[in-house]
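See below for the structure under consideration.
No value in this document is a laboratory result; all are computed from the given coordinates. Computed from a prediction, not measured in an experiment: that's the story for all the values here. A quick note on method: Cβ atoms are made from the backbone with ideal geometry, for glycine too, and the neighbour counts reach across all protein chains shown.
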Amino acid sequence: LALAEDIAHALTTDQFEMHYQPICVLQDGRVAGFEALIRWNHPREGMISPLDFLWLAEQTGQIRAIGMWTLERACRDWPVLRQATDHSSPFVSVNLSANQLTGDHFVHDVKLILERHHMTAEELKMELTETIIIGRPEIASQVLNNLIALGGTLALDDFGTGYSGLDYLQRYPIATVKIDRAFITPLLQTAPSLEIVNKTIELAHSLGMNVVAEGIENEEIRQKLTQLRCDFGQGWLFGKPLALDDIRKRL
Ligand code: G
Ligand code: G
Ligand code: MN
Ligand code: NA
């Protein structure tokens, strides 16, 4: 497959880039952390979205190499990102894939990367989707518990869009729930989305978790979410994903 060969080539020739989107305290807009989002700067095709190549990398197993690159890059960039935050427990958040967790050395590799970059485990948040947790429960259970033992913090990404079984909320020490944009965009238009978001925030808080609302594009939605006691927000209102250089320029 041509694209798979291109991915292999991309890894060795430094064609991947990491962009960072701010995650802000809803009430006052302070930057608490950043989500790392990979981009592929392809020599012929231009900038390729992760949605267009990660599915293939999952199938070929290249996701493990990409995943290590992702962690390494986010941690390497942490000193700059940290300077751009204004919070008592700042973080950078990376997305994990299912097949990344099945590698023998995953937890050990995370530990080494943290040590190499003098990062505490709280400074590195790992985002997992419901699908990842449900797809391989035995592996997920072991790997996630090892990550937690390391001191790592887990965030449940795209909440509400997967199988929405709630049992993993009691099985894993998830620190953060990220409510998917699909519920945030219609928040002021439809009663069901408002109730779902409202109850999700209540549930998360009652379990000692904090909540990030994704895809906030305007002030009205931010205000509503603040009323609902949502903790953090992410979205174009606060900022689009930016290259590290652009974050550095704003310091
Ligand atoms: O930034 P964008 O909206 O194009 O991201 C699309 C999707 O790609 C998001 O769901 C995000 O979780 C996923 N994604 C972005 N970067 C990474 C990454 O480094 N690793 C993995 N596994 N997924 C990523
Ligand atoms: O990992 P996750 O699936 O949550 O990825 C977040 C994706 O959402 C990224 O691709 C990012 O570019 C995109 N995104 C972030 N903020 C907004 C927003 O306010 N509006 C829209 N439409 N997309 C957003
Ligand atoms: Mn995410
Ligand atoms: Na999401």
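Can you tell which of Asn198, Ile139, Asn41 lies farthest toward the positive end of the dipole of segment 2-250, using +1 and -1 charges on the Cβ of basic and acidic side chains (Lys, Arg; Asp, Glu)?
Asn198
So if I place +1 on the C-beta of Lys and Arg and -1 on the C-beta of Asp and Glu, and nothing else carries charge, what would the dipole magnitude of the chain be about its Cα centre? I want it in debye, nearest 20. Could you put the intermediate results ahead of the total?
Numbers: 22 positive and 33 negative charges, 88 e Å.
In total the dipole reaches around 420 debye.
In this model, which of Lys125/Lys178; Lys111/Lys249; Lys111/Lys240; Lys125/Lys249; Lys111/Lys178; Lys199/Lys224 are farther than 21 Å apart at the alpha-carbon? Kindly include the intermediate steps, with their values, before the conclusion.
On the way: Lys125/Lys178 12 Å; Lys111/Lys249 31 Å; Lys111/Lys240 30 Å; Lys125/Lys249 25 Å; Lys111/Lys178 25 Å; Lys199/Lys224 14 Å.
Distance filter (> 21 Å) returns Lys111/Lys249; Lys111/Lys240; Lys125/Lys249; Lys111/Lys178.
Dipole magnitude of segment 168-251 about its Cα centre, charges +1 at Lys/Arg Cβ and -1 at Asp/Glu Cβ only, in debye to the nearest 20? It would help to have the intermediate numbers written out before the result.
On the way: 11 positive and 10 negative charges, 45 e Å.
Using Cβ point charges on Lys, Arg, Asp and Glu, segment 168-251 gives about 220 debye.
Can you give the calculated 222 nm mean residue ellipticity of the chain, where each DSSP H run of n ≥ 4 adds -39,500 (n - 2.57) and the sum is split over every residue, rounded to the nearest 500 deg cm²/dmol?
On the way: 13 runs with 113 residues, N = 251.
Helix contribution divided over all residues of the chain: -12500 deg cm²/dmol.
Once each part is reduced to its C-alpha centroid, what is the distance from segment 9-85 to segment 88-146 in angstrom?
15 Å
May I ask for the net charge around Ala2, where only other residues with Cβ less than 12 Å from the Cβ of Ala2 are counted and Lys, Arg are +1 while Asp, Glu are -1? Mind showing how you got there, number by number?
Values: positive: Arg44; negative: Glu5, Asp6, Glu45.
With Lys, Arg at +1 and Asp, Glu at -1, the neighbours total -2.
Please give the helix 63-76 orientation as an angle from the longest Cα principal axis of the chain, in degrees from 0 to 90, rounded to the nearest 10.
70 degrees
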